[in-house]
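All remarks here apply to the structure that follows.
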Amino acid sequence: MKKIFALLLTFAMVLSVAMMPAMAEEAKGADVKGTGVELTVYTNSGSSGRAEWLTERAAQDGYKLTIVEEGAGAVQQRLINEGDATPCDVVFGLNAIIWNDLISRGIIEAIDAPSWAEEVTAGLNDPNGYYYAIVKQAILLAYDTNQVSPEEAPTDWPDLWEKEEFWGKYESQIKLTGGTTRNVLAGILTRYVDENGELGISDEGWAAIEAFFAHGTPVEDGVDLYAQIANPDSPVLMGQMWSSGADQYDETYGTKTGYAVPEIGIPYAVEGVALVSTSKNKEEAKRFIEWFGSAQIQGEWSEEFKTMPANELAADKAPASQVEMCSIPAQDIDWALVAANIDAWCEKIMLEYMQ
């Protein structure tokens, strides 16, 4: 009897030890809860209620966020200007142009891949672990099909300045710090690459940009493109838009978005999330990144804001319209060339072509 008891005891102990790894397995994805340490988050993707939603949703899982929202270029410049004194812990959104610049300046820090990194469409994450993709945004030339039929609409950006019927009917920007704007400019200018041209662009390219701004209607600061489109007193019927914004604005203004499908393809902004190298709250920041990019949270984000998740396990949460928009072929853009020149391009445009 004693031998049997001893054997049973030994078996129970072995079983207990065998189960320990499973019991001690760390939480992953949306199961990783915050500890209440306050994080400061910079983003260009906080408009249209995104910042408020994320603050509230994160709080449900123990994260305390202060979100600072500006255009992509403004976020980039803020991080550069603040240097080591920045209060920022995590930055998300942005695009390939800016991520490459932040990496070169040592502003963001490579981290071990979060558990969801392998669920992201191949090629979207930074190969060295500096940022991980969360959202794909198609950069569109959009119009309202209630007012402009597909047959009458522009088929590519050059139509706007080359065809007189579109003059004054499209919105042109007065600030060049936004990520969408810079992607549009990159998509136009890289069609005219000339190593002997000014800033790597041919005279023809600069003439195209001059005409683009000359024939557009300048954006009214603080007024949405779709508010202009829906306003019968405004001549504006079309302009730049990111894919997830199109569905949201249609709901708000009663428009029905159509968009050009250029033969050359369109620019894409791949939004990511990264750890700021000077963060004093790195462990909490890494926990947040693990939580935020998970299929669960990105699926909720997609349902709320009509985005196309980079996480393929969340893709079924995206509306069909987003899947369709994000199936347009990507334009072949030399992003290294863009990253090296975009600031100088924008400076030239502001000084010479914007009135």
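The values are calculated or read from the model by the stated rules, or taken from the named source; none is laboratory data. Since the structure is predicted, the reported quantities are computational estimates derived from the model, not experimental observations. Positions of Cβ are generated from backbone atoms using ideal geometry, with glycine treated the same way; all protein chains shown enter the neighbour counts. Only protein heavy atoms, including side chains, enter the accessible area calculation; ligands, DNA and RNA are left aside. Shrake-Rupley method; radii C 1.70, N 1.55, O 1.52, S 1.80 Å.
Which of (1) open to solvent by 30 Å² or more (accessible area, probe 1.4 Å); (2) in a helix (DSSP H, G or I) is the odd one out, the single condition D332 does not satisfy?
Among (1) open to solvent by 30 Å² or more (accessible area, probe 1.4 Å); (2) in a helix (DSSP H, G or I), the lone unmet condition for D332 is (2).
Among the residues of segment 319-334, write down those that are closer than 18 Å to W157 by Cβ and of a type outside the set (S, T, N, Q).
M325, I328, P329, A330, D332, I333, D334
Scan segment 127-138 for residues that are of a type outside the set (S, T, N, Q), more than 14 Å from the chain's Cα centre (by Cα) and on the phi < 0 side of the Ramachandran plot and jot them down.
Selection gives P127, Y130.
Applying the selection to segment 110-124, what residues are at pLDDT 95 or above and either open to solvent by 50 Å² or more (accessible area, probe 1.4 Å) or part of a loop (DSSP other than H, G, I, E, B) (or both)?
A110, I111, D112, A113, P114, S115, W116, E118, E119
Within segment 125-150, how many residues turn out to be surrounded by 18 or more Cβ atoms within 10 Å (Cβ to Cβ) and among the hydroxyl-bearing types (S, T, Y)?
4
Does S244 satisfy being among the hydroxyl-bearing types (S, T, Y), touching a residue at least 40 places away in the same chain (Cβ under 8 Å), open to solvent by less than 20 Å² (accessible area, probe 1.4 Å) and not in a loop (DSSP other than H, G, I, E, B)?
yes
Looking only at residues in segment 44-81 that are in contact with a Leu (Cβ under 8 Å, 6 or more places away or on another chain), polar (S, T, N, Q) and surrounded by 15 or more Cβ atoms within 10 Å (Cβ to Cβ), which one is farthest from V276 (Cα to Cα)?
In this case the residue turns out to be T55.
Pick from L313, L351: which is surrounded by fewer than 16 Cβ atoms within 10 Å (Cβ to Cβ) and of a type outside the set (S, T, Y)?
After applying the criteria, what remains is L351.
In this structure, does I103 turn out to be assigned to a helix (DSSP H, G or I), among the aliphatic types (A, V, I, L, M) and within 21 Å of the chain's Cα centre (by Cα)?
yes
List every residue pair whose Cβ atoms lie under 7 Å apart, where the two residues are 6 or more positions apart in sequence or sit on different chains, the first residue falls within segment 100-117 and is of a type in the set (A, V, I, L, M), and the second residue, located anywhere, is open to solvent by 40 Å² or more (accessible area, probe 1.4 Å).
Pairs found: I103/Y130; I108/Y130; A110/N128; A110/Y130; I111/K286.
In segment 150-180, what count of residues is obtained for those that are of a type in the set (S, T, Y) and in contact with a Gly (Cβ under 8 Å, 6 or more places away or on another chain)?
Of the residues in that region, 3 qualify.
Would you pick out the residues in segment 151-178 that are open to solvent by 10 Å² or more (accessible area, probe 1.4 Å) and under 16 Å from I349 (Cβ atoms)?
Listed by number, the residues that qualify are W157, W161, E171, Q173, I174, K175, T177, G178.
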